[in-house]
1. Determine which residues of region 1-39 fall in the zone a paramagnetic label at Leu46 would reach in this model, i.e. backbone nitrogen under 15 Å from the point 7 Å along Cα→Cβ.
2. Given points 7 Å out from each Cα along the Cα-Cβ axis, report the Arg34 to Glu62 separation in nanometres with one decimal.
3. Work out from phi, with θ = phi - 60° and the Karplus expression 6.51 cos²θ - 1.76 cosθ + 1.60, the ³J(HN,Hα) of each residue of region 18-23, listed in order in whole Hz, and give x for Gly and Pro.
4. Return the sequence-ordered ³J(HN,Hα) values of region 55-60 in whole Hz as given by the Karplus equation 6.51 cos²θ - 1.76 cosθ + 1.60 applied to θ = phi - 60°, using x for Gly and Pro.
5. I'd like the orientation of helix 37-46 relative to the chain: the angle between its Cα long axis and the longest Cα principal axis, in ° from 0 to 90, rounded to 10.
6. Restricting to DSSP H runs of at least four residues, report the calculated mean residue ellipticity at 222 nm for the chain, -39500 (n - 2.57) per run over all residues, nearest 500 deg cm²/dmol.
7. May I ask for the net charge around Leu24, where only other residues with Cβ less than 13 Å from the Cβ of Leu24 are counted and Lys, Arg are +1 while Asp, Glu are -1?
8. At a temperature of 37 °C and a viscosity of 0.692 mPa s, determine how fast the chain diffuses translationally according to Stokes-Einstein, using the Kirkwood radius over alpha-carbon pairs as Rh; express D in µm²/s, rounded to the nearest whole number.
Amino acid sequence: MDSTTIVALIPLIVIQIGVQIYTLYDLYKRGGARSYTPVWVVVIVLGQLLGPILYFVLGRREDVE
C-alpha cells in the first residue's frame with residue numbers, strides 16, 4: 001500500500017472512530033438501549049460504521065432523562 005492510499009484512508013478511519021465514540025456516549029447517556037445493552041455495545045464496536053447506524057435506527061431509546 002502506498003502512502004497516498006494511507007493518507008486518503010486516515011480521515012475515513014477518524015470519522016468511523018468518532019461515530020463509534022459518539023454512539024457509545026449516546027448509549028451511556030440514555031441509560032441503555034431498547035433491548036439488551038451489552039449486545040448493542042458489541043454491535044457498535046465490531047460493526048464498524050454499520051453498527052452505529054443500526055443502533056440509531058433500531059436500538060436507540062427515545063426517552064431522555
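Values in this text are rule-based calculations from the coordinates and carry no lab data. For clarity, every value in this text was computed on a predicted model and none was experimentally measured. No Cβ is skipped: glycine too gets one built from the backbone with ideal geometry, and neighbour counts run over all protein chains shown.
1. 37-39
2. The answer from the label model is 0.9 nm.
3. Computed from phi, the couplings for region 18-23 are x, 5, 5, 5, 4, 5 Hz.
4. 4, 5, 7, 10, x, 6
5. 10
6. Values: 3 runs with 42 residues, N = 65.
Helices in the chain give a 222 nm mean residue ellipticity of -21000 deg cm²/dmol.
7. Counting the neighbours of Leu24, the net charge comes to +2.
8. Numbers: Rh = 12.6 Å.
For the chosen part, D equals 261 µm²/s.
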